[in-house]
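Scroll down for the structure; my scribbles are underneath it.
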Amino acid sequence: MTIAVENTSSLIETTKQTKLAALKLATLSTEMRNQALEAIANALESSRDEIVQANIADCQAAETDGIAKPLYKRLQLDEHKLRDAIAGVRDVAQLADPVGAVQVHREIDTGLILKRITCPLGVLGVIFEARPEAAIQIAALAIKSGNGVILKGGKEAIRSCEAIVKAIKQGLSTTAVNPDAVQLLTTREETLELLKLDKYIDLIIPRGSNSFVQFVQDNTRIPVLGHADGICHLYIDKNADMEKAVAITVDAKTQYPAACNAIETLLIHTSIADVFLPPIAAALQSMNVELKGDKLACEILPNISVVTDTDWQTEYSDLVLSIKIIDDLEQAIAHINQYGSKHTDAIITEDEQAAKTFMAMVDAAGVYHNCSTRFADGFRYGFGAEVGISTQQMPPRGPVGLEGLVTYKYQMFGDGHIAASYTGTDAKSFTHRNL
């Protein structure tokens, strides 16, 4: 069942319970954690109707409140999305166990052995937007990686998240995993209090706007893995293939415009703009995309509106696209590095050297050549699912799956060894031999 936390003391108690459950979870075998994931998948399937009905109620309430169109699309959880999310849980169970991997195995001296072994982070605090299936993905990754998790979904998705977490807890109750390993918060006040609990929470993962991520970072001492805006670019180079350019542009903008990996700006080399832009624009407009362009783009397409400097910095999450005509590859890279959000950017070109330069110099978590930015996704990368996409410089970066949810510890095994033996005139020498 969902625990509604009414005050700080009860939130601390809830978080303590999650911490204790996480400590036990970290000791369970791979088989036990995989059995827990299968139980979660089965429970979600059994609760399918309840979850879908809860989501319908959320959508109706959100529509009445005048929810923005892109957010409404993210909120919707139909049977198809739910089926895919449940399949994702089972996919996570099939992945290699990230816990217990020996990264270093070294003899320091005879009988003195050092190991570096991967281990869970502890307790994750994940605050995400109105995308209820994220609760399923995040819980699955947390269990597989041996972490406890405290979830806080968007207020628009409260009924959906409650139904999902209820099913997850029911599934876990039949396994070796304590259901307290997964908790759900439901109010904004709880979120603010959660950010103060650095004694119990090991990592905060906010998924939302740039301003929201910045707010979280400014109001917590807990490490933050930030996923903010998805201002993605597609650059069509002078040596691009027309057929590829049209198909990739349409896919990257319209396949799911509300996604953070959909493009918001199209850059086209000036030498091909007259030939390439009209068919690309026609294909986009046939999909009801509103186009905005700089002066040169508007000269080629006089029926589109003029872009503003604010547009270059806007994540539309909708069927809107800004267009800029640029002089060369260097200008394209400079524009992306100035206005991009370090999410995912792509180049369309048959010039391998241009592609290599673009991919080396664009500062983003994902840089692509001749393919859609829509591939920036944990499931599509083979991670099973993702807790979010990190746009920070330090790892983990890009879609964060299991490998981003573990750290490591050093274990040393000796037989009466003391450090004093290795200092002074009769000091012993270290062997430092890899085993």
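Things to note:
- Positions within segment 293-335 being within 29 Å of the chain's Cα centre (by Cα) and assigned to a strand (DSSP E or B), in sequence order: 320, 321, 322, 323, 324
- Of the residues screened, residue 252 is one that is under 23 Å from residue 338 (Cα atoms), in a helix (DSSP H, G or I) and touching a Leu at 6+ places or on another chain (Cβ under 6 Å).
- Residues that are small (Gly, Ala, Ser) and modelled with pLDDT of 95 or more were ranked within segment 97-134; the one that is nearest to residue 79 (Cα to Cα) is 125.
- From the list 247, 259, the one residue that fits, being under 17 Å from residue 347 (Cβ atoms), under 28 Å from the mean Cα position of the chain (by Cα), of a type outside the set (Ser, Thr, Tyr) and surrounded by fewer than 23 Cβ atoms within 10 Å (Cβ to Cβ), is 247.
- Helices (runs of 4 or more DSSP H) fully within segment 1-81 counting 1 or more residues that are within 24 Å of the chain's Cα centre (by Cα) and at pLDDT 95 or above: 8-25, 30-46, 48-64
- Segment 206-237, residues that are at pLDDT 80 or above, more than 20 Å from residue 185 (Cα to Cα) and either assigned by TED's automatic domain parsing to the domain that holds residue 323 or crowded, with 20+ Cβ neighbours inside 10 Å (or both): 230, 231, 232, 233, 234, 235, 236, 237
- Any chance residue 83 is surrounded by 15 or more Cβ atoms within 10 Å (Cβ to Cβ) and either charged (D, E, K, R) or in contact with a Ser or Thr (Cβ under 6 Å, 6 or more places away or on another chain) (or both): no
- Against the conditions (1) loosely packed, with under 14 Cβ neighbours inside 10 Å; (2) in contact (Cβ under 8 Å) with a residue 40 or more places away in the chain; (3) not in a strand (DSSP E or B); (4) not hydrophobic (A, V, I, L, M, F, W, C), residue 425 satisfies every one except (2).
- For the criterion of being closer than 18 Å to residue 396 by Cα and at pLDDT 95 or above, residue 145 passes.
- Residue in segment 402-413 that is part of a loop (DSSP other than H, G, I, E, B) and touching a helix residue (DSSP H, G or I) at 6+ places or on another chain (Cβ under 8 Å) present: no
The values are calculated or read from the model by the stated rules, or taken from the named source; none is laboratory data. Keep in mind that what you see is a predicted model, and the values were worked out from it rather than measured. A quick note on method: Cβ atoms are made from the backbone with ideal geometry, for glycine too, and the neighbour counts reach across all protein chains shown.
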